[in-house]
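*Asks:* Please find one structure pasted underneath; my questions will follow.
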Amino acid sequence: MASFSRSKTQRTNFLAILLRSDYNVITMKLKIIDIGNSKGIRLPKGILQQLGIKDEVSLETSKNSLIIKATQSSRFEWAKAFHEMAKNSDDKLLDDYAPTPWDDEEWEWK
């Protein structure tokens with residue numbers, strides 16, 4: 001029986017081809033590794049880049065599946081939204097600001 005083992009370079013090239021393709025599903029086996037008192041998996045760099053994963057992921061479980069999703073910052077695209085608000089003059093205070101004596105005498109800015 002022929003052996004279909006591949007070198008590290010061949011596996012990397014094969015993964016690169018898969019990541020550039022239009023496939024929605026990539027299936028692979030990963031070894032569970034010890035990380036201190038925990039267990040973990042190593043995710044290929046190409047997959048992390050494709051999904052935009054940098055420092056944090058969201059985990060979900062469903063029956064016998066573990067779903068790892070890229071997370072977005074709670075402030076994702078705020079700068080763009082603020083720019084649009086300024087462009088539309090929606091970045092003004094709704095209430096008139098009138099300082100009181102308390103603001104001048106008691107409030108301490110740090």
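Since every read-out is calculated from the coordinates, none of them should be taken as a lab result. If you're wondering where the values come from, they're calculated on a predicted model, not measured in any experiment. In this analysis, Cβ positions are derived from the backbone assuming ideal geometry, glycine residues included, and neighbour counts consider all displayed protein chains.
*Asks:* Which value, in debye to the nearest 20, describes the size of the charge dipole of the stretch 54-110 about its Cα centre when Lys and Arg Cβ atoms bear +1, Asp and Glu Cβ atoms bear -1, and nothing else is charged? Spell out each step's value before the answer.
*Replies:* On the way: 8 positive and 14 negative charges, 170 e Å.
It works out to roughly 820 debye.
*Asks:* Calculated FRET efficiency, LYS92 and ILE53, Cβ-Cβ r, R0 35 Å, to nearest 0.05? Working shown, then result.
*Replies:* Values: r = 38 Å, r/R0 = 1.08.
Here the calculated transfer efficiency is 0.40.
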